[in-house]
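The values are calculated or read from the model by the stated rules, or taken from the named source; none is laboratory data. Note that the structure is predicted; figures quoted are calculated from it, not measured. Every residue, glycine among them, receives a Cβ derived from its backbone with ideal geometry; neighbour counts consider all protein chains shown.
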Amino acid sequence: MSADALAQLRDRIRESWADTTLVRITLGSYQGPDRTLKRLQVRPVTLKAGRRLSLVWQHQTQDITKNYEFEPGLELLMALLSADFATGHLATTQANWQFERRSVGETRLHRSKPTEGQRSVIIEHDRPKSRAVDRHADWLQRLGVVGSQGEVRRGMEAKYRQIHRFIELLSPVIQSTEESSSLPIRVVDMGCGKGYLTFALYFHLIEHFPEREIRLSGLEVRSELVEAANALALDCGASGLTFHQSTIAEWPSEPVTGMVALHACDTATDDALAWGIRANATWLVCSPCCHRELRPRIIAPEALAPAFRHGILVERQAEFVTDALRATLLEWAGYQSRVLEFISPEHTAKNLLITGVRRPDFGLNPEKAVSVHRLAALYGIQQQHLARLLHFPWPAREASLP
């Protein structure tokens, strides 16, 4: 097809938008300056304000979503295909269109049959959402989160949102690693408290992997919470769910499928991550809390020195650096890491979730060691607890430092 391929693609997108046959648009073969950007996914959505194009920039460790009115969104797509992306795929209920930009002035647009079973999907973001956790679940009632009719009890709204969001975020991590396996699923929840999220995870696993053996252990140091949680598990018929009075350090290292540590205070998050790595966990999930270790050790980069006069900014930099180091150390140790927003910051400032999925080529990644060195050096950091537990190789000149 001629060099007018991009203009013809614009026309096809506009037509599919007008007759509501648009399913999705994918921009690939990214050639721009952002090395973390992989692709751009576009779908039609319906909001209270009307129909929009929802653009999702898919990076290595995060997705960024922005919604546009149709014409501005379309022009942005055309500009991106002219410069940064070399391919574009338009899927409609009538046909598929593949755009290719091979060189300056040379473009092609190829038509093919629609994908089997492909249908137009207008996502209504403002309609009532399906819930990852059934409000009528017996264990939710017994824990006092909901009433007998499934209504969330007063004062438990934030807890229910946390439970729902936890399963919503963890589900794709588990599915991506477990769907092709038939082995038992063994998970440890480090510091489970009353067990709200432990019960949620257990029954999620039971529902989605009914043919698999599920064994989930919740660790908690307060004996009264352990006793209450075990009694509840027995009442709910959760035969594969047990709670133990134990610290992270006391729990024996054994091969597991997954490790969870939510709101483990300060370096307890590092203890849990190190335990999971030593246990060859397929996936790791933690929600850090109380970042105290690095705050007194951070030395302000020259450009940030004026900002470090303010204690709150030092505290937030300490949180940022600590979790950035943890995520990069996971990459060094053989995991693909992501840092996500756990729940809205309006409910708690401690709202990050760090996930790690073991790579197929599991093993140490020397390139990531350089990244850890550079980040630590920027802030004058000479040691960190997770790095110490993993015996991370600091530069020789720092090897003797505490």
Sole miss for His244 among (1) under 27 Å from Asn351 (Cβ atoms); (2) in contact with a strand residue (DSSP E or B) (Cβ under 8 Å, 6 or more places away or on another chain) is condition (1)
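Filter the range 261-286 down to the residues that are polar (S, T, N, Q) and surrounded by 23 or more Cβ atoms within 10 Å (Cβ to Cβ), then identify the one that is farthest from Pro360 (Cα to Cα).
Thr269
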Among the residues of the range 75-112, what is the count of those that are more than 23 Å from Arg35 (Cβ to Cβ), touching an Asp or Glu at 6+ places or on another chain (Cβ under 6 Å) and of a type outside the set (D, E, K, R)? 0
Of the residues Leu325, Leu304, which is under 24 Å from Val370 (Cβ atoms), at pLDDT 95 or above and in the same structural domain as Glu254 (by TED's automatic domain parsing)? Leu325
For the structure I just gave you, tell me whether Ala327 is more than 23 Å from Trp394 (Cβ to Cβ), buried (at least 16 other Cβ atoms within 10 Å of the Cβ) and out of contact with any helix residue (DSSP H, G or I) (no Cβ under 8 Å at 6 or more places or on another chain). no
Scanning the range 229-276 for residues that are of a type in the set (Asp, Glu) and touching a helix residue (DSSP H, G or I) at 6+ places or on another chain (Cβ under 8 Å), the one nearest to Leu201 (Cα to Cα) turns out to be Asp235
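Looking only at helices (runs of 4 or more DSSP H) that fall completely inside the range 146-242, which ones have 3 or more residues that are farther than 15 Å from Asp134 by Cβ?
It comes to 157-178, 223-235.
Table: residues versus (1) under 27 Å from the mean Cα position of the chain (by Cα); (2) within 30 Å of Ala327 (Cβ to Cβ); (3) not hydrophobic (A, V, I, L, M, F, W, C).
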residue: Ser16; (1), (2), (3): no, no, yes
residue: Tyr30; (1), (2), (3): yes, yes, yes
residue: Lys48; (1), (2), (3): no, no, yes
residue: Leu80; (1), (2), (3): yes, yes, no
Search result, residues across the range 61-79 that are without any contact (Cβ under 8 Å) to a residue 60 or more places away in the chain, surrounded by 12 or more Cβ atoms within 10 Å (Cβ to Cβ) and not in a strand (DSSP E or B): Glu69, Phe70, Gly73, Glu75, Leu76
Filter the range 11-20 for residues that are in contact (Cβ under 8 Å) with a residue 12 or more places away in the chain and surrounded by fewer than 18 Cβ atoms within 10 Å (Cβ to Cβ); which is farthest from Pro114 (Cα to Cα)? Arg14
Taking Glu220 as the residue in question, decide whether it is among the charged types (D, E, K, R), crowded, with 22+ Cβ neighbours inside 10 Å and under 25 Å from Ala158 (Cβ atoms). yes
Restricting the first residue to the range 205-217 and requiring it to be closer than 15 Å to Gly258 by Cα, which pairs with a second residue that is of a type in the set (A, V, I, L, M, F, W, C) and exposed (fewer than 14 other Cβ atoms within 10 Å of the Cβ) meet a Cβ separation below 8 Å and a spacing of at least six or different chains? Arg212/Leu183
Any residue in the range 98-109 that is loosely packed, with under 10 Cβ neighbours inside 10 Å sitting within a Cβ distance under 7 Å of a residue that is modelled with pLDDT under 80? List the pairs, counting only those 6 or more apart or interchain. Gly105/Ala3
